[in-house]
Protein chains: 2
Amino acid sequence: MAATPAAEPPRPDVDRLELVEVLAALGHPVRLEIVRKLASGAEASCGEVVPDLPRSSVTHHLRTLYESGVIARRPAGRRLYLALRREDLELRFPGLLALVLG
Amino acid sequence: MAATPAAEPPRPDVDRLELVEVLAALGHPVRLEIVRKLASGAEASCGEVVPDLPRSSVTHHLRTLYESGVIARRPAGRRLYLALRREDLELRFPGLLALVLG
């Protein structure tokens, strides 16, 4: 039985999350929309949460969210699954997600 | 006796502050540094809180902070005084400033 492919190790580590990077990542309507769609904490496929945009925009926004530490990603075949790093963000910046998810 | 020149009316109005704009304004190291220097809520001159940067960068960062509603400005002769819109931000996004100034 094949194991479920593991998520990429979340990057950056929780103690390296930088507030300014996280704020910048959240400070865009498309990225805020993606984050709100991931609010439950459950993993979702890219297609479920990313609005219909040119591929280069999608790539840019997902990279910004990933590199700032807001989301984790798990590639599975041709699909990419995303999840909000709820616990890590809450640990490092308590209250921020509650505020942003309103 | 000359009256103290009034601050420009803060813009946008408190009920028009947009979270995504405020997050984007805060999501830059220079702007976050300015905001932290204004943390007390007291007015400060531009020279006291803005790091040494080319004038075009200063203009850009101050405009971003002003237009998002993070700061108010008061021109006085050749000087420009800045203040954090603490109360307005707290009213609209409770807890955000505490988190950012933390």
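The values are calculated or read from the model by the stated rules, or taken from the named source; none is laboratory data. None of the values given here were measured: they were computed from a predicted structure. A quick note on method: Cβ atoms are made from the backbone with ideal geometry, for glycine too, and the neighbour counts reach across all protein chains shown.
Filtering the stretch A:40-85 to residues that are among the charged types (D, E, K, R) and either crowded, with 16+ Cβ neighbours inside 10 Å or touching a residue at least 40 places away in the same chain (Cβ under 8 Å) (or both) leaves A:Glu43, A:Glu67, A:Arg73, A:Arg74, A:Arg85.
Could you check the stretch B:91-102 and list, in sequence order, the residues that are part of a helix (DSSP H, G or I) and closer than 18 Å to B:Ile34 by Cβ? It would help to see each step written out before you state the result.
Narrowing the stretch B:91-102 to residues part of a helix (DSSP H, G or I): B:91-92, B:96-101.
The answer is B:Leu96, B:Leu97, B:Ala98, B:Leu99, B:Val100, B:Leu101.
Give the residues of the stretch A:86-100 that are within 12 Å of chain B (Cβ to nearest Cβ), over 13 Å from the mean Cα position of the chain (by Cα) and touching a residue at least 12 places away in the same chain (Cβ under 8 Å), sorted by residue number.
If the condition is that a residue be within 12 Å of chain B (Cβ to nearest Cβ), over 13 Å from the mean Cα position of the chain (by Cα) and touching a residue at least 12 places away in the same chain (Cβ under 8 Å), then A:Arg92, A:Phe93, A:Leu96, A:Val100 are the ones that fit.
Among residues of the stretch A:61-78 being within 15 Å of the chain's Cα centre (by Cα) and away from chain B (no Cβ under 14 Å), the one that is farthest from B:Glu18 (Cα to Cα) is A:Pro75. Pairs meeting the criteria (first residue in the stretch A:17-36 and at the interface with another protein chain (Cβ under 9 Å from one of its Cβ atoms) and in contact (Cβ under 8 Å) with a residue 40 or more places away in the chain, second residue in a helix (DSSP H, G or I) and among the acidic types (Asp, Glu), beta carbons under 9 Å, at least 6 apart or on different chains) are A:Glu21/A:Glu67; A:Ala25/A:Glu67. The number of residues in the stretch B:28-41 that are under 20 Å from B:Glu87 (Cα atoms) and at pLDDT 95 or above comes to 9. Within the stretch A:42-58, does at least one residue satisfy the condition of being within 14 Å of chain B (Cβ to nearest Cβ) and closer than 27 Å to A:Asp15 by Cβ? No, the conditions are met nowhere in the stretch A:42-58. Let me confirm something: among A:Ala39, A:Ala25, A:Ala44, which residue is closer than 14 Å to A:Asp88 by Cα and among the small types (Gly, Ala, Ser)? Within the list A:Ala39, A:Ala25, A:Ala44, the selection yields A:Ala39.
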